[in-house]
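The values are calculated or read from the model by the stated rules, or taken from the named source; none is laboratory data. These numbers come from a predicted model, not from an experiment. In this analysis, Cβ positions are derived from the backbone assuming ideal geometry, glycine residues included, and neighbour counts consider all displayed protein chains.
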Amino acid sequence: MRYDVYITKRDQVYIAAVPALPGCATLGRSEAEVLSNIRDVIEGYLLLLQKRRQPFPRTKVVKVHHARYPVVRSA
């Protein structure tokens, strides 16, 4: 399964979030670090869903977005 990852930068911190997975977000000091961190967060999120026998959220569009400000997209 693949999910959209949105990356923003505020001051000296990168923020990554996955809109399809509520609450799935992390911080990092570089793009490489935040991408590594978000992979771990996604994996943990999906393992928790699996343990609870809940379905994985579905998504069709897969892109990594780099933006100075948060990107807002309609469904």
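Here the range 45-62 is the region considered, the condition is being surrounded by 11 or more Cβ atoms within 10 Å (Cβ to Cβ) and over 11 Å from the mean Cα position of the chain (by Cα), and the residue that is modelled with the lowest pLDDT is Thr59.
Pairs meeting the criteria (first residue in the range 18-38 and under 20 Å from Gln50 (Cβ atoms), second residue outside any strand (DSSP E or B) and modelled with pLDDT under 90, beta carbons under 6 Å, at least 6 apart or on different chains) are Val18/Tyr3; Ala20/Tyr3; Ala20/Pro57; Ala20/Thr59.
Looking at (1) of a type outside the set (D, E, K, R); (2) in contact with a helix residue (DSSP H, G or I) (Cβ under 6 Å, 6 or more places away or on another chain); (3) without any contact (Cβ under 8 Å) to a residue 12 or more places away in the chain, find the lone condition where Tyr14 falls short. In the conditions (1) of a type outside the set (D, E, K, R); (2) in contact with a helix residue (DSSP H, G or I) (Cβ under 6 Å, 6 or more places away or on another chain); (3) without any contact (Cβ under 8 Å) to a residue 12 or more places away in the chain, Tyr14 misses (3) alone.
Residues in the range 1-44 that are of a type in the set (Val, Ile, Thr), surrounded by fewer than 16 Cβ atoms within 10 Å (Cβ to Cβ) and within 9 Å of the chain's Cα centre (by Cα): none.
Could you grab me the full set of residues in the range 11-57 that are in a helix (DSSP H, G or I), hydrophobic (A, V, I, L, M, F, W, C) and out of contact with any Gly (no Cβ under 9 Å at 6 or more places or on another chain)? Across the range 11-57, the qualifying residues are Ala32, Val41, Ile42, Leu46, Leu47, Leu48, Leu49.
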